[in-house]
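Colleague: Here you go, one structure.
Please treat every number below as a calculation from the coordinates, not as lab data. Computed from a predicted model, the values in this text were never measured in an experiment. As a convention, Cβ positions derive from the backbone with ideal geometry for all residues, glycine included, and neighbour counts pool all protein chains shown.
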Amino acid sequence: MNQRTKALLHENNQAETQLSPAAQQVLTDIVVYLRTAPISMYRQETVRRDITRMLLDGEARGDDAKAVIGDDYQAFCDSVIAELPPLSGRARVLTALRDVLPAAVVLLVIWLVGRLAEYAAGIAAWPALTVTVGDVIGGVLLLAVASAAVTMICRTAFSTRKRVSALLFVLLFAGLFAALCAGFFLKQPLLTVHFGTALIVPLALFAVYKLLDAKLD
């Protein structure tokens, strides 16, 4: 995120500590719900700032969160989001790319460590690393499941915790199982890369992430 968003995020974090624990929990659910809204991060934090001030003013009068913003927190959030200009198609694509890149970097690093372990065990040759069909499909599946899990958590921020936890467990288990099956059964070689080249890829992706994060709200 850029500097103005970072400054507002820090301001909001400080202001939130002045709320009661009950109001902080309500605000946390609201912020989680806003994270997948089609608005910029800066606008999300602007909404968070305004709601925090409303809650603080309400508590000063002796009112709780329901008295301030109503019983239906999701409907309240939806009404606020509807009044804000949505992200453009280009901004949505770049934001989605930025959000998935850290997970992609982690997966690539894990894959590299696994290949190094195979080399140490005498299974793989050095310095050539073989990328299999299963590696690619498994990686894509894991990224898709991780993205879906985050979206589910955010969009069900006001739902029953036990139900969401059960659905999330099923999603993660199914995704991990499918990815493991792909890696185990689909061992057809797709391409061979030098270890040095393979090491550059996650570094390059991390650099792209930092660039996008600095430019996008």
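Colleague: How much FRET efficiency would the formula 1/(1 + (r/R0)^6) give for Ser159 and Lys66, where r is the Cβ-Cβ distance and R0 is 25 Å, rounded to 0.05?
Modeller: The value I calculate is 0.90.
Colleague: Among the lysines, select those whose C-alpha is under 26 Å from the C-alpha of Lys66, and discard any that sit fewer than 8 residues away in the same chain.
Modeller: The qualifying lysines are Lys162.
Colleague: So how many Å³ per residue does the convex hull of the Cα atoms of the stretch 52-156 work out to?
Modeller: Normalising the Cα hull of the stretch 52-156 by residue number yields 172 Å³.
Colleague: Less than 22 Å apart at the alpha-carbon level, and either on another chain or at least 8 residues along: which lysines does that give for Lys210?
Modeller: Lys6
Colleague: Please give the contour-minus-distance gain from Thr36 to Val131: 0.36 nm per residue of separation, less the Cα-Cα distance, rounded to one decimal in nm.
Modeller: Working it through step by step, the gained length comes to 30.9 nm.
Colleague: Follow-up question, since we're still on this one. Defining a contact as two alpha carbons under 8 Å apart and six or more residues distant in sequence, what relative contact order in percent does the stretch 1-89 show?
Modeller: Here the relative contact order equals 34 percent.
Colleague: Can you compute the helix-only [θ] at 222 nm over the chain? Use -39500 (n - 2.57) per DSSP H run of at least 4 residues, normalise by all residues, nearest 500 deg cm²/dmol.
Modeller: Mean residue ellipticity at 222 nm (helix-derived): -26000 deg cm²/dmol.
Colleague: May I ask you to list, by number, the DSSP H helices of the chain whose Cα span along the axis is at least 24 Å and whose average Kyte-Doolittle hydropathy reaches 1.6 or more?
Modeller: 133-155, 161-185
Colleague: May I pose another question? What residue among Pro86, Pro38, Pro189 has the largest mean-square fluctuation in a Gaussian network model of the chain, using Cα springs under 10 Å?
Modeller: Looking only at Pro86, Pro38, Pro189, the biggest GNM fluctuation is shown by Pro189.
Colleague: Throw me the Rg/Rh for the stretch 3-82, computed over C-alpha atoms with Kirkwood Rh, two decimals.
Modeller: 0.95
Colleague: Take every Cα-Cα distance within the stretch 89-215, group them into 10 Å bins from 0 onward, and report for each bin the whole-number percent of pairs it holds.
Modeller: Once binned at 10 Å, the Cα pair distances of the stretch 89-215 give 12, 34, 33, 18, 4, 0.
Colleague: Relative contact order, percent, of the chain when contacts are C-alpha pairs under 8 Å separated by at least 6 residues?
Modeller: Normalised by residue count, the contact order of the chain is 31 percent.
Colleague: What do the square roots of 5 times the Cα gyration tensor eigenvalues come to for the stretch 166-217, in whole Å, largest first, as semi-axes of the equivalent ellipsoid?
Modeller: 28, 24, 7
Colleague: Here is a follow-up. Percentage of Cα-Cα pair distances in the chain greater than 27 Å, rounded to whole percent?
Modeller: Taking all Cα-Cα pairs of the chain, the fraction more than 27 Å apart is 48 percent.
Colleague: For the pair Gln25 and Lys210, how long in nm is the line joining their label points, each one 7 Å along Cα→Cβ?
Modeller: With each label placed 7 Å out from Cα toward Cβ, I get 4.0 nm.
Colleague: Mind telling me which of Cys77, Cys154, Cys181 comes out most flexible in a GNM of the chain, alpha-carbon contacts under 10 Å?
Modeller: Residue with maximal mean-square fluctuation among Cys77, Cys154, Cys181: Cys181.
Colleague: For a label point 7 angstrom out from the Cα of Leu94 toward its Cβ, which stretches of the stretch 181-217 have the backbone nitrogen within less than 12 Å?
Modeller: Answer for the stretch 181-217: 211-217.
Colleague: Given contacts defined as C-alpha pairs under 8 Å and at least six residues apart, what's the relative contact order of the stretch 89-215, whole-number percent?
Modeller: After rounding, I find 44 percent.
Colleague: Over what distance in Å are the Cα centres of the stretch 55-113 and the stretch 1-16 separated?
Modeller: 14 Å
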